[in-house]
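Computed from the coordinates by the stated procedures, all read-outs in this text should not be read as laboratory data. Note that the structure is predicted; figures quoted are calculated from it, not measured. Virtual Cβ from ideal backbone geometry, glycine too; neighbours counted across all protein chains shown.
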Amino acid sequence: MQKGTISVQTENIFPIIKKFLYSDHEIFLRELVSNAVDATTKLRILAERGEVKEEIGDTTIQIIREPEAKRIIIRDRGIGMTEEEVLKYLNQIAFSSAAEFLDKYKDSSIIGHFGLGFYSAFMVADKVEVVTKSWKPEAQAVKWTCEGNPEFTIESVEKSERGTDIILYVNEENADFLNNNRLQELLDKYCSFLPVSIQYGMKTEYLNDETDEDSEDAKEPKTQEVPNIINETRPIWKKTPSELKESDYKDFYRKLYPFGAEPMFWIHLNIDYPFNLTGVLYFPKLNASLEATRNKIHLYSNQVYVTDDVREIVPEWLLLLHGVIDSPDIPLNVSRSYLQSDGNVKKISEYITRKVGDKLNELFNQDRPAFEQKWRDLGVFIKYGVISDKKFEEKASNFTLLENTKGQFFLLNEYQDKVKGNQTDKHNKTVFIYTNDPEGHDALVKAAYNRGYDVLRLDTVLDNHWMQHIEYQAGMNVVFVRIDSETLDNLVQKDETRTSVLSETEIETVKKVFESVSGKDGKVDCKALSPDDQPVVIVRPEFMRRMKEMQSLQGMGMGDFPDMYNVVVNTNHPLVAQKLVSAQETDQKILAQYLYDLALLQQGMLKGEALTRFIGLTLEKV
């Protein structure tokens, strides 16, 4: 048996860094500014422990753009490095000074852990210079230079202040990073909430002037140039709820989503055991749909922006939320772009789910009327959770509402108690009658109420899935039936039967006449209904219609299928039982066509030439 060590050729490391280590070149700024934050944080820790004797002074990190020289400089006044430390940390790839410092001082506020972040500089620069001076007394400043290959130089230089300058000579391929707006965009994206002040140039600030603007003596407003600090070092998720007002949460939301509608409410996350997690999650207004609301939760690690793809941390149904999650305990790969499997991820997901359920339950119990007013937005979110998460479903039974077409709200058990007396079918199931289009089904809804039924409003994109989920729940014993899926007297199926006034021969004649006008579009069925019911009714069988809608939502093939419907002819209606049966064959067909078109019109299914023809007719002409 032979043993040995794997050899890594340094000549190959730079192409790997440039092409494969990081998924996006723009993160070079995040990595280098994070290193500067680490250097500053280390200095503060040493000062707090008394190891740095002098005042540390201003520790603002500066981002300097020099487009003519094609340079970007990241300057900090942090801990700096000696020549020995430069050789140790910059020349030994993946030897992380942050990891070593963490091990020594046990401080979790250090951002970097891998020791590879510095080398992201070579994705955008042909040459990198590091000019650094250690905090240690009598330290000599040094300059390290590398041109994207294993060769480097290091030399002694003069530098008056402690800290480090990272100087990037940006290559032509990445020249857009020298653009002022592009650089500002990256700073806003990755550095807006870093814990150390970051300055990017200067900005103009207007001074308060008490002179009346409308007076003749009004002067030009006074201005001054001040440092452009681009970040908020202590964002609201790093504060306790007792420090914050409602306006603070709303202002922060507007900062994150300047064009979004005001959120309904929010959850402040703050836990330090068994994992560390802070954040604020907002409930946006969904407008009863699943519109483009995803990728609105921003993941941070020690206030460094990582990604807006948090599918591994947050359950699918919670991705509708907006806001910020910050945790140093979330395992990231070396580029911080992707999450890695870890037990903490599952624990964090369970914790967030529990907090969401607790918040919704609290809001319902504290002010049910206010909760009901928000239901049009909350309903989609809660139903999504019920379908997706068993633990959430158990809690959600305490605040999942049903709304009827009169605008009244009920918990599931409350509604079942309300309607079961009049809406229990022959199989002992409580029938929940609903409409997905209250205006379009207005006549049917009114007829249902006249019969003593109640009608629910279920018109969101998830309702078909949610209804089916509820129907399968043991103990509920309910069935949902859309108001146009059957004739009114058969929505709640009973053993009762009604006798037709027509003979079997007459019924067969009526059926053939209506089959001739409806063609292959709908199956004709003659039924003995009440004389007061409509002469012809178009019904869409619940099961097939619901399956078609659900599969269409999921992008499956049934979405292209034509609508399936039945033509139900009321053989007891006077227009059918008397006028049509006694008419001549030609007149029978004209009347049948009229009644069939009228039924289509009531369902919004009469269009084009058929609609034009129908408008020209009246019952008298028929």
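For segment 483-491, the Karplus equation 6.51 cos²θ - 1.76 cosθ + 1.60, evaluated at θ = phi - 60°, returns couplings of 5, 9, 8, 8, 5, 4, 6, 10, 4 Hz by residue, with Gly and Pro reported as x.
With a simple spin-label model that places each label point 7 Å from the Cα along the Cα-to-Cβ direction, the separation between Arg451 and Lys222 comes to 8.0 nm. In this structure, the amide hydrogen of Phe432, modeled 1.01 Å from its nitrogen in the peptide plane, lies closer than 5 angstrom to those of Val479, Phe480, Val481, counting only residues at least 5 positions away or on a different chain. Residues of segment 313-327 falling in the label zone of Ser242, defined by backbone nitrogen less than 12 Å from a point 7 Å along Cα to beta-carbon, are absent. Computed from the Cβ-Cβ distance with R0 of 60 Å, the FRET efficiency linking Ile73 to Asn490 stands at 0.15.
Given R0 = 60 Å, the distance between the Cβ atoms of Thr153 and Lys285 translates into a calculated FRET efficiency of 0.55.
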